[in-house]
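What follows is a set of notes on a single structure, which appears directly below.
The values are calculated or read from the model by the stated rules, or taken from the named source; none is laboratory data. Computed from a prediction, not measured in an experiment: that's the story for all the values here. We place every Cβ from the backbone using ideal geometry, glycine too, and count neighbours over all the protein chains shown.
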């Protein structure tokens, strides 16, 4: 077994090219659990959480996008200045594990593990994030929607490294809600991210822990867009139940030891309704609430 | 030994002459092991190692019920670094152990009866080598249909899964007029899930073989050193004196360390290899490797008068004891004999079964059968209140038990029984002054916390009550005792006992007793081991009473020696002498000799065994004075509930507890707050989930313990009426906090949502649907 | 220390690495490289103060500082922590001379079995270094990664608040 700490991106990619079967270690919060439990064995580990290029972020004012290096931690995403670019990502970050976990866990690791319950992932899905991959052969960008192919399965090829994600900085409400049985350190039973793009007149709703991958709820989104007055920040209250019902219909939950499919579907309905109400708090004049 | 044993601690209090002795009974001196614990230098059992020690590990059954066809160990032996591989064939003595019935195999031989049952063990040079060796052992199983429905064990419709049958014990209680009826009748089914003790300090032990393998020394975190020794010696076929146990630092216990887990395995591997062996369980293994709180199903019917006085109770209880007996029969007796709760009741018909299934074995956990009974009787009291148009406090006051009342077993409550006072004092505690969500709007105050699932408008607040009676110490004729030896030398008292310090603070209390009785500042605690008589178990809220009584008794014997000596020296009748501060004084004269001076160069020593009064077995109708003593407690819970998502935030627990006398008020508060945390856990999140006999959440990701953000504020009143039956006037305080806090929280949730809830823990889906 | 020679032949490595712990460099030789920092601290360096209770980051008992960040030692691959400053409970204060946080835990009754305590001490120092006057809910959130099974947390919150008060000069 070998363990190598990479300090530059080139170094990391060279190591992965030399040993394509190597395991990439970022914050360690997923991988180390598997190693400690004996659920995974590996011959080579490449540590990337000190790679300078992955530890940086950049806001591009021209495109108004934020590129977040893969080794940015959830503790960093929770606080200024990064929290200002995506409030929903900051909210999701605050629900990740514990302070100790957030200090170590990286957004790249969260993306790479591709758990349906990954706390940051509904935000990336709602924002139509792009995942950046690199290898010694070059780089490629993959829409987040196409990145995960199933629970903990992704399009990452041997020798490839997740270098970061890019999200748009939207003008409009963003909210993340997560249901767990405990008030800290809990895996999501169901989660949802709602993001409104006031300029583009879109409403995006992404759902976590209710399918093999993070889901969008396109019918619900359409209902919301049709019922919303983006300039006034209002929505036809009668559309809200329909929106919530469509969100619940989009979920594909299962029964497991953490909860039931029926509960998860209901939770999505409630979270979606509450998020939409937060997004459009002002009632339409004359409408009953 | 590279680590010193955890339990040798010295307390020194530097005081100026003339100042009163501090750290006496009624004070709250700090723990003698406190500084070591905060600095990380206190040695827990998992921190102990010895030169050349090997690691041990256990192979466990993957099946809830199966016949072992064959075991092939060759793969494990082939791994470099493996020093021993043992199975049932290698157990030299008794093949089974157990606290009451010895039916649990050291290693499964013919059948495995639960997922996690030990099948083999290895010793090797590294934990990873052990893991690989275990993976290389080939066991062929013939998988059998598991017994997973305790009702089928109770009703006899499932073939026996063990030669001793599927019923550990059936006990009926019949009292008074069984035909009595009331104007008001309420009934319901209740269900209690399987709770885990989830102490943080995982099972760990170090065994050091004697040269020649004639004996073994075991450092282990346990609740009862002498009982462990007896069971280990029998399995190893060694005389008891050849098995010497020393308490390794104990990282919590709560009942889970009362049974044998890794003790025999560790010793056996050490004797096999002739080298020290350490075993340290992982969290998953800990869930599989110790007994748990019994899941129970209870049907209960109350008959009452129109004004809410209980006329008769009826109950049927089935407790799932899992695959082996452990203490199931005693847990059942506690459940059936506490079914009336702390309420007057003349007539009763109660039927209880503790049964064997292919689930994880169950045994002792804080509350010991009374938690289950209390969840049902308190649910019933709220039903009765509703049926009679009374509020929850009034219905309980009208029925509150008093000293002199009889249990449904016919036993008279002779202890102080301030049930009414517990309820009234709890009711007098202030309700939370902040509104839902608090004044600062911190989302962490709402159900769902950082998940931002709710706004204030979604939340409903509820208030609920729970009141409990709990027996203290052991029952049914067991001659329960504890031993202490005290040596007074040069003004310093040395205390020797085998009382397991598991975090509760007996090490603090023991010093307080010695200072109070002997007028000394300095108390030395000798190692806690088997070189002195048994202290009994640190369980059943018994050590303050039992070992406190033993230390107190030994100190008094030594004080008599001291008075005799001082009296002889000064020509004063020893009966006139007393301790005042640090001095021996003549109560009828002006003699005053400092204890330190009187004992200079001298040694006074004595040993005392404290026994509590005898108890009886129950007869076939469940009648008899089976319990020793009782304590009482009331809880009031305030919860905020999100009815649409089923999320709960417990806001406050108020409690008044009958403690007899608070010997160390800070420790009592610690027991109350800690016990309530476990009660809250059982109310809203803690449950081992087994599906088809397989545990689905044997880890801290999915077995959820309350965190800082789940634990409410606790406001507490200590009800102090020293109990004349207790050696120090103090009742045990460990268990009551976790008994009625659970039904109080569940009642508060019911109150918030206006819906019936009959199962604990309450799951979000139980609230939503 | 008893385990310095306990390499696993099938997985052992000749790769030596250096850990900088509590101000001292330690060479780690013949170790299985899959070991967590928690394991290496305890079993190879004899620093038993960090405790393991879950090995999956759900209890906080193994909390240590790595380059000033509070993390779970069980989730750090030891061989990846080369060149980083590691501080454990043993590095907080000399034996017998407890820090203000350590003393407050003892005085306030925040210690029962004590197994969670070293991790909580690490987390409390980290909290108070960053936020000298935390609100009650800030304390609850910042310490929520540290599970205690004995105390119900009340006395721990009390201990943290006592330190905060004392550090700003004792004014309530």
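The table that follows gives values for the structure above.
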{"item": "Hey, residue C:102 at the interface with chain B (Cβ under 7 Å from one of its Cβ atoms), outside any loop (DSSP other than H, G, I, E, B) and modelled with pLDDT of 95 or more or not", "result": "yes"}
{"item": "Residues that are free of Cβ contacts under 8 Å to residues at least 60 places away in the same chain and more than 9 Å from chain B (Cβ to nearest Cβ), drawn from the stretch A:252-268", "result": "A:252, A:254, A:255, A:261, A:265"}
{"item": "Single condition residue C:120 does not satisfy, out of (1) surrounded by 24 or more Cβ atoms within 10 Å (Cβ to Cβ); (2) in contact with a helix residue (DSSP H, G or I) (Cβ under 6 Å, 6 or more places away or on another chain); (3) within 13 Å of chain A (Cβ to nearest Cβ); (4) assigned to a helix (DSSP H, G or I)", "result": "(2)"}
{"item": "Candidates B:409, B:426, filtered to the one that is part of a loop (DSSP other than H, G, I, E, B) and touching a strand residue (DSSP E or B) at 6+ places or on another chain (Cβ under 9 Å)", "result": "B:409"}
{"item": "Test: residue in the stretch B:612-630 that is assigned to a strand (DSSP E or B) and in the same structural domain as residue B:725 (by TED's automatic domain parsing)", "result": "yes"}
{"item": "Count of the stretch B:181-220 residues which are closer than 23 Å to residue B:369 by Cβ and either assigned to a loop (DSSP other than H, G, I, E, B) or assigned by TED's automatic domain parsing to the domain that holds residue B:531 (or both)", "result": "7"}
{"item": "Search result, residues across the stretch B:439-452 that are modelled with pLDDT of 95 or more and over 23 Å from residue B:685 (Cα atoms)", "result": "none"}
{"item": "Filter pass, residue B:723 being within 14 Å of another protein chain (Cβ to nearest Cβ) and assigned to a loop (DSSP other than H, G, I, E, B)", "result": "no"}
{"item": "Matching residues, the stretch B:691-717, being farther than 28 Å from residue B:463 by Cα, surrounded by 21 or more Cβ atoms within 10 Å (Cβ to Cβ) and at the interface with chain A (Cβ under 7 Å from one of its Cβ atoms)", "result": "none"}
{"item": "Among (1) part of a loop (DSSP other than H, G, I, E, B); (2) away from every other protein chain (no Cβ under 14 Å); (3) in contact (Cβ under 8 Å) with a residue 24 or more places away in the chain, the one test that residue B:572 misses", "result": "(3)"}
{"item": "Residue identified as touching a strand residue (DSSP E or B) at 6+ places or on another chain (Cβ under 7 Å), within 25 Å of residue C:108 (Cβ to Cβ) and touching a residue at least 24 places away in the same chain (Cβ under 8 Å) among B:745, B:651, B:684", "result": "B:651"}
{"item": "Options C:19, C:41, C:37; residue that is within 22 Å of residue C:70 (Cβ to Cβ), at pLDDT 95 or above and within 13 Å of chain B (Cβ to nearest Cβ)", "result": "C:41"}
{"item": "Flag for residue C:107 being surrounded by fewer than 24 Cβ atoms within 10 Å (Cβ to Cβ), touching a helix residue (DSSP H, G or I) at 6+ places or on another chain (Cβ under 9 Å) and either farther than 17 Å from residue C:142 by Cα or at pLDDT 95 or above (or both)", "result": "yes"}
{"item": "So residue B:652, is it within 14 Å of chain C (Cβ to nearest Cβ), more than 19 Å from residue B:421 (Cα to Cα), at pLDDT 95 or above and buried (at least 24 other Cβ atoms within 10 Å of the Cβ)", "result": "no"}
{"item": "Flag if residue B:437 is touching a helix residue (DSSP H, G or I) at 6+ places or on another chain (Cβ under 7 Å) and assigned to a strand (DSSP E or B)", "result": "no"}
{"item": "Elements of type helices (runs of 4 or more DSSP H) in the stretch A:30-128, at least 2 residues being touching a residue at least 24 places away in the same chain (Cβ under 8 Å) and either touching a strand residue (DSSP E or B) at 6+ places or on another chain (Cβ under 9 Å) or away from every other protein chain (no Cβ under 14 Å) (or both)", "result": "A:74-78, A:82-85, A:87-94, A:99-104, A:107-113, A:121-126"}
{"item": "When residues of the stretch A:1-18 are limited to those that are at pLDDT 95 or above and in a loop (DSSP other than H, G, I, E, B), the one nearest to residue C:80 (Cα to Cα)", "result": "A:6"}
{"item": "The stretch B:588-597 - residue that is under 18 Å from residue B:20 (Cβ atoms) and touching a helix residue (DSSP H, G or I) at 6+ places or on another chain (Cβ under 9 Å) and, of those, surrounded by the most Cβ atoms within 10 Å (Cβ to Cβ)", "result": "B:595"}
{"item": "Residue check for residue B:402: assigned to a loop (DSSP other than H, G, I, E, B), away from chain A (no Cβ under 14 Å) and modelled with pLDDT of 95 or more", "result": "yes"}
{"item": "Criterion: under 22 Å from residue B:23 (Cα atoms) and in contact with a strand residue (DSSP E or B) (Cβ under 7 Å, 6 or more places away or on another chain) - qualifying residue of B:553, B:581", "result": "B:553"}
{"item": "Segments classed as strands (runs of 3 or more DSSP E), wholly inside the stretch B:462-540, with at least 3 members that are within 20 Å of residue B:628 (Cβ to Cβ)", "result": "B:481-489"}
{"item": "Residue tally, condition out of contact with any strand residue (DSSP E or B) (no Cβ under 6 Å at 6 or more places or on another chain), touching a residue at least 24 places away in the same chain (Cβ under 8 Å) and assigned to a helix (DSSP H, G or I), over the stretch B:113-134", "result": "3"}
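Residue by residue, here is whether (1) more than 28 Å from residue B:333 (Cβ to Cβ); (2) within 14 Å of chain A (Cβ to nearest Cβ); (3) modelled with pLDDT of 95 or more holds:
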| site | (1), (2), (3) |
| --- | --- |
| B:424 | yes, no, yes |
| B:432 | yes, no, yes |
| B:437 | yes, yes, no |
| B:454 | yes, yes, yes |
| B:460 | yes, no, yes |
| B:469 | no, no, yes |
| B:476 | no, no, yes |
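Yes/no per residue for (1) at the interface with another protein chain (Cβ under 10 Å from one of its Cβ atoms); (2) modelled with pLDDT of 95 or more; (3) at positive phi; (4) in contact with a helix residue (DSSP H, G or I) (Cβ under 7 Å, 6 or more places away or on another chain):
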site: C:5; (1), (2), (3), (4): yes, no, no, no
site: C:9; (1), (2), (3), (4): yes, no, no, no
site: C:12; (1), (2), (3), (4): yes, no, no, no
site: C:27; (1), (2), (3), (4): no, yes, no, no
site: C:48; (1), (2), (3), (4): yes, yes, no, yes
